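Remarks on the structure that follows.
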Amino acid sequence: MPTPLRRVFDYLPIVGADAPVAGTRIRVPFGRRQVIGILLEIADSSSWPEKQLKTALEYLDSEPLFSAELFKTLLWASDYYQYPVGDTLATALPKLIRSGSPIEPPAEIRYRALPPDQDLESQLARAPRQRELLETLTHSGPLSMAEIRQAGFDRALIKQLEDKGLTETVLTDRSDEKPGPDVMVAASPVRPNAEQIRALTAIAPELGFQCSLLDGVTGSGKTEVYMQVMAKVLEAGRQCLLLVPEIGLTPQNLRRFEQRFNCPVVAMHSAMTDRERLLAWRAARSGCAPIIIGTRSAVFLPLANPGIIIIDEEHDASFKQQEGLRYSARDFAVKRAQLENIPVVLGSATPSLESLNNALAGKFQHLKLSQRAGSASAPKMSLIDVASDPASEGISEALSVKIDKHLQQGNQVLLFINRRGYAPVLQCDRCGWHCECHHCNASMTVHASPPSLRCHHCEARTNIPSQCPNCQSDNISTRGAGTQKLEQFLNKQYRSVPVLRIDRDSTRGREAFAQLTDKINQGEPSILLGTQMLAKGHHFPDVTLVAILDADIGLFSPDFRGQEQMIQTIVQVAGRAGRADKTGEVVIQTRHAEHPGLNRLMTQSYEQCARSLLQERQLSRMPPFTHLCLLRIESAVAQQGVRFARQCYETAFRLQQQEQQIELIGPLPAPMERKAGRFRFQLHIKSASRPRLQRFLQALAVTIEAGKTPSQVRWSLDVDAQDLL
C-alpha cells in the first residue's frame, strides 16, 4: 500500500474472479477509504485470522506493471534504502497509473478509405474537398479525427464520405507499432578515433551485464560513443535508456538523437504534465520508444526489451533523490542492469570518487578518453589572485583585459558564478544588521527582477525594506554579487555585445533554455553569464574564454565532499572552452591562490587530483572506504527534536552492542540547523561492512517505528548520503 508504514497488508481474493498475478494493481478497502495497492504475492495463509481480513474490491490489471527484473530491483531498493515497499513502488509509477488509469491506452477511432464500388468520378464530380480527403486517407492510412483536422478537413466531410461508402471507422492502437531495426540510423556516425574505438569494442551489449566507467575529458566525444553503442543495441531490436542530470539538457539531447536516429525518441522529466508522463511510460513499456532520455526518475521506466542503460555526467549530485525514497539513480541503474543482464555505462569527465575507486579496484571496466575529439586542444588554465588584484563587481582588472581581447577576436566568453540573484546579502552600513530568513539559518538573497528578498532554501519572499528595521537608518546596501548584479554591470561595461544570463530565474519558461542556447549557437560575440546550468554537457564551439569568478565557495565547505564537488565544477566549467578548432583559456579568480586544492588543478589532471582526495578519504575512513548513512530528524519545536534525537541515539547505541563494526557520531545539529521552519539534527552511522550496516539499519528502523514519534517530528534514513548540509 502507498503508506509510510514499513509493512505489507493481507486481503482475501475476490470470489469467482481469476487469480491476479504479482505486480498488478488491486483496489482494496483501507480504513474508510478505497486505495490502490500493488500485489506482492499470493499466499496460502496469513498471520491474521481470516475473519479479520477484508476482501479485495477490484483487480485493475491482467498483467504486471513491471518486468520481473524491474520488480526485483524495486524490492531491492526498498530494502537497501530502508523505505516502505508500498511507497517505493508508488514512487516508480506515474501519478495517473497510481490513480487507476489503464496500462494500455484505450482503442482510438480512426477513419480509413475503402475501394469505391462504382465510378469514383461520378460520386465525387462536384465534391473536390471530399476527393482531397479521400486521397489523403488512401496515401496515409487510417487517421484519427484530430489528424484529419490537422490536415485541414472537418467532421462533415468524413460523414459525407461515410454516407457514400468510401470510408469506414476502425478501432486501432498504435502503441505496438515499433520501428524496424533497418530504419534506426538516420545520419552517418562520426569516424571514431583510436580511444573511441577501444571503448566501442569494450562495451559489448551482446555479452550481457558489464559496468563501464567512460572516463573522458570534456570534449572527448563521449556522446559519440554513446550513440554508436546505442546503434548496435537498436539494430538488435532492443531499447536504450539515457539518463541526464538536468531537465535543461533534455531538449538539447533530444535534438541530437533525433537527428542521428530515425526512430521515436521519448523524453521523461519532472517538468512534463501528468498526461505526458503517462504517455512516455506507456511508450517505454510497450516498446514503441526505442530511445528514452530522461532525468533521475526515468530509471524506473518499464522497458519492453531493455538493451543498455547510460548515465551521462554520472558524478552529478542531482542523481541522488533528497527526500522520500532517497535513492541514487546511478546505483539503482547498476543494480537494475545486473538483474536485466544488460550493460550499463557511466560517463563523466570528472567521475565521482565512488565510481573511480570501483574502476581502480577492477569492479568497473575503466575506459579512458584522454584526447579531445577532432582538432580541439585542452584549454590553458591560470589563477588570478583577487587579494592583490581587487575585483570590481566581481571582475578583476586582469580578467577584464582578457574579456576584451576574446570579444574583439569575435569569440564568446563564459563567466561562471554559482550564485543567482542580485546579491547574497542586504546589510545596514550603520549597525551591521543583515537580512536573514525567518525560517532558515541563512541570509535572504536580494533579487532585482522583480525587486524582492528571497530565501533560496525555503523559497520564502518579502519586500526589500527602505530602512534598517534595527536602527531605522537609510544606509542599506548589498554585499557581494549574483548573476543579476553582474548582468547589470556587464550590460553597462560591454554595450556592443549581448549578455545572456542563464540561471534558474531566467529559464523558468518551458522553452526559455532552448531559446538561449539557440542564440549562443549562432556564434555571434557575446558574454554568457550563468550558474551550474552552464557547467554540464553543453557544446558551445565559439566559447574561447571561461572565467570562474569565485572559486572559493567550495574550498571551506562543512561537507566532506566539498573539495570533490569544487574540483568537479571547475573542471566541468573549464571544459566549455576551446571545444572546436579555437584555442581555449580558463581563468580562475580566488582569494586563496596558495590553496593546495587549486594549485593541484593547475598542474595535474582530474584523475590525479581525485587520487589525492581518495587517499585523504581512506585515512579519514570516509566514503568510498566506508559506508555512511544519516538518520535525519526534523522538528518544528527544537526541544522535541533534541529529545527525539537522543532517544534515537540510545536505541542505536543498544543495537550497536549486538552488531560489530558500527560507528555512531552524534546526534548533532545539521550544518544548517534550521530550514523551512524546522530544526534539523543528524546521527551519522558508519561501517566498513555494507551487509552489517544494512542489518543494523533495518533493526533501527523497525525499533524507531515501533516507538512513539511526536506529532511534530519527522525522521528518515539517508543511505549513502551525498549531502550533509
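The values are calculated or read from the model by the stated rules, or taken from the named source; none is laboratory data. Keep in mind that this is a model prediction, so the values were computed, not measured. Ideal geometry is used to build each Cβ from the backbone, glycine not excepted, and the neighbour counts take in all protein chains shown.
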Suppose we keep only residues that are free of Cβ contacts under 8 Å to residues at least 40 places away in the same chain and part of a loop (DSSP other than H, G, I, E, B) within segment 19-39. Which one would you say is surrounded by the most Cβ atoms within 10 Å (Cβ to Cβ)? LEU39
Look at GLY237 and say whether it is outside the structural domain of GLY575 (by TED's automatic domain parsing) and at positive phi. yes
Quick check on ARG479: is it free of Cβ contacts under 8 Å to residues at least 12 places away in the same chain and exposed (fewer than 14 other Cβ atoms within 10 Å of the Cβ)? no
Here is a list: SER101, SER122. Which entry is over 25 Å from GLN150 (Cα atoms), among the polar types (S, T, N, Q) and in contact with a helix residue (DSSP H, G or I) (Cβ under 9 Å, 6 or more places away or on another chain)? SER101
Identify, by number, the condition in (1) more than 22 Å from ASP312 (Cα to Cα); (2) surrounded by 15 or more Cβ atoms within 10 Å (Cβ to Cβ); (3) not aromatic (Phe, Trp, Tyr) that SER496 doesn't meet. (2)
Out of CYS440, CYS431, which single residue is touching a residue at least 24 places away in the same chain (Cβ under 8 Å), more than 30 Å from SER635 (Cα to Cα) and assigned to a loop (DSSP other than H, G, I, E, B)? CYS431
Among LYS686, LYS675, which is the only one that is in contact with an Asp or Glu (Cβ under 7 Å, 6 or more places away or on another chain) and in contact (Cβ under 8 Å) with a residue 24 or more places away in the chain? LYS686
Can you say whether LEU486 is touching a strand residue (DSSP E or B) at 6+ places or on another chain (Cβ under 7 Å), in the same structural domain as ARG579 (by TED's automatic domain parsing) and either modelled with pLDDT of 90 or more or not in a loop (DSSP other than H, G, I, E, B) (or both), as far as the supplied structure shows? yes
I need a count of the residues in segment 52-88 that are over 15 Å from ARG6 (Cβ atoms), touching a residue at least 12 places away in the same chain (Cβ under 8 Å), among the polar types (S, T, N, Q) and not in a strand (DSSP E or B). 3
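A quick yes/no check of all residues on (1) within 30 Å of CYS471 (Cβ to Cβ); (2) among the small types (Gly, Ala, Ser):
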{"residue": "VAL401", "(1), (2)": "no, no"}
{"residue": "VAL413", "(1), (2)": "no, no"}
{"residue": "ARG420", "(1), (2)": "yes, no"}
{"residue": "LEU426", "(1), (2)": "yes, no"}
{"residue": "ASP429", "(1), (2)": "yes, no"}
{"residue": "GLY432", "(1), (2)": "yes, yes"}
{"residue": "GLU436", "(1), (2)": "yes, no"}
{"residue": "ALA442", "(1), (2)": "yes, yes"}
Just wondering, is there one or more residues in segment 399-420 that are free of Cβ contacts under 8 Å to residues at least 60 places away in the same chain, surrounded by 20 or more Cβ atoms within 10 Å (Cβ to Cβ) and not in a strand (DSSP E or B)? no
Does THR651 satisfy the condition of being hydroxyl-bearing (Ser, Thr, Tyr) and either at pLDDT 90 or above or in contact with a Cys (Cβ under 7 Å, 6 or more places away or on another chain) (or both)? yes
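Conditions (1) assigned to a helix (DSSP H, G or I); (2) surrounded by 21 or more Cβ atoms within 10 Å (Cβ to Cβ); (3) modelled with pLDDT of 90 or more, marked per residue:
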{"residue": "THR250", "(1), (2), (3)": "yes, yes, no"}
{"residue": "LEU254", "(1), (2), (3)": "yes, no, no"}
{"residue": "CYS288", "(1), (2), (3)": "no, no, no"}
{"residue": "ILE293", "(1), (2), (3)": "no, yes, yes"}
{"residue": "GLY307", "(1), (2), (3)": "no, yes, yes"}
{"residue": "HIS315", "(1), (2), (3)": "no, yes, yes"}
For segment 588-604, indicate whether the set of residues that are in the same structural domain as GLY410 (by TED's automatic domain parsing), assigned to a strand (DSSP E or B) and among the aliphatic types (A, V, I, L, M) is non-empty. yes
Pick out the one residue from LEU74, LEU39, LEU89 that is closer than 20 Å to ASP18 by Cβ and at pLDDT 95 or above. LEU39
Considering each of LEU53, LEU57, LEU65 in turn, give the residue that is out of contact with any His (no Cβ under 8 Å at 6 or more places or on another chain) and under 29 Å from VAL719 (Cα atoms). LEU65
List, please: which pairs have Cβ atoms under 6 Å, are six or more places apart or on different chains, and start with a residue in segment 534-554 that is acidic (Asp, Glu) and end with one that is at pLDDT 75 or above? ASP542/ASN411; ASP542/GLN412; ASP542/GLY523; ASP550/ILE417; ASP552/THR590; ASP552/ARG591; ASP552/HIS592
Only one of (1) touching a Lys or Arg at 6+ places or on another chain (Cβ under 8 Å); (2) surrounded by 15 or more Cβ atoms within 10 Å (Cβ to Cβ); (3) not polar (S, T, N, Q) fails for ALA387. Which number is that? (2)
